[in-house]
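Visitor: Supplied in C-alpha cells, the structure appears directly below.
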Amino acid sequence: MLNDVVFNNEKSSYYDWNIVLTKAEIPLPTPKTSTVDIKGSDGLLDLSEVLTGDIQYNNRQVKLTFEMMDDKDYQKLITEIGNYLHGKNVTFILSNDDDYYYTGRATINQWECVKRKGTIVITIDCDPYKYAVTETVRMVTLNNQTKVITLINNRKRVCPVITVTGEITLKSDDFTYELSEGTQQIINFKLVEGNNNVEVSGNGTINIKYRQGAL
C-alpha cells in the first residue's frame, strides 16, 4: 500500500508534494492521573476517574518522517509545505489506517537534503483520540411503538446529536428523556465504550448521530 498522508482532506503527501511517508511514530496518549498520599494508609488514593467516571488523556506527539522522490525543487517544496502546515491546526489520514483521522497542530521541525536525498519531519501535537472518518448514524421510525436499539461506541465517550420528528421518549439506564421536535444534544446522555442499549417509544422518527473516537 502506498505510504501516503492526506492533510485536511485536500493535500496528498505523495500525489501533491511527491514525498513518501517512511516512518510514522504514533504513541498512545498518557493518561491524566491524580493521586493523594494519605498519612497512615498504604499506597496512594487514586482520584483519576472521580470527576468524570472515566480516565482522561493528554495530547500525544505524532512524528511523521517523509522522503522526497525528487530533490531538484527541495527549497521550493519546503516553502510550499511550510506555508500550508507549519504552526497550523490540521487533520490528517494515514493510508494504512484510512478509517480514522487525527487532528492537531503541526510543526515542521526538521528538513535536510544530503547527497540528493531530501528528508522532512513533521511533528503534530495531536488530540489523544483518532476519529472515525464516517459518522455513525442510526435512524428509527416509530408508529406508536416501543423499540430497543443498540448503539455501538468506541473508546471515547460521546454525546450524540439527536434529531426528532413527532413525539419521542428515550430511556437510557435510569434516565427518561422527553425529546422535543428538532435537533438537540442531551448533556447527561453519553455513549460509553461498547454496546449501549436504549429504549425509544412514541410516534415519529428519531435520528441518532455521533462520531466514534479510538486510541
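The values are calculated or read from the model by the stated rules, or taken from the named source; none is laboratory data. Quick caveat: nothing in here was measured; it's all calculated off a predicted structure. A quick note on method: Cβ atoms are made from the backbone with ideal geometry, for glycine too, and the neighbour counts reach across all protein chains shown. We work out accessible area using only protein heavy atoms, side chains counted, and drop any ligands, DNA or RNA first. Shrake-Rupley method; radii C 1.70, N 1.55, O 1.52, S 1.80 Å.
Visitor: Do we find a residue being at pLDDT below 95, hydroxyl-bearing (Ser, Thr, Tyr) and open to solvent by less than 80 Å² (accessible area, probe 1.4 Å) anywhere in segment 153-164?
Guide: No.
Visitor: Now a separate question. May I ask you to say which residue of Glu178, Glu135 is among the acidic types (Asp, Glu), open to solvent by 30 Å² or more (accessible area, probe 1.4 Å), free of Cβ contacts under 8 Å to residues at least 24 places away in the same chain and in contact with a strand residue (DSSP E or B) (Cβ under 6 Å, 6 or more places away or on another chain)?
Guide: Sole residue among the options that is among the acidic types (Asp, Glu), open to solvent by 30 Å² or more (accessible area, probe 1.4 Å), free of Cβ contacts under 8 Å to residues at least 24 places away in the same chain and in contact with a strand residue (DSSP E or B) (Cβ under 6 Å, 6 or more places away or on another chain): Glu178.
Visitor: Does Gln61 meet the test of being open to solvent by 60 Å² or more (accessible area, probe 1.4 Å) and at pLDDT 95 or above?
Guide: yes
Visitor: Quick check, is Ile187 part of a loop (DSSP other than H, G, I, E, B) and either without any contact (Cβ under 8 Å) to a residue 24 or more places away in the chain or of a type in the set (A, V, I, L, M) (or both)?
Guide: Taking the combined requirement at face value, the residue satisfies it.
Visitor: Checking Glu49 against (1) modelled with pLDDT of 90 or more; (2) open to solvent by 90 Å² or more (accessible area, probe 1.4 Å); (3) among the acidic types (Asp, Glu): exactly one of these is not met. Which one?
Guide: Of (1) modelled with pLDDT of 90 or more; (2) open to solvent by 90 Å² or more (accessible area, probe 1.4 Å); (3) among the acidic types (Asp, Glu), only one is false for Glu49: (1).
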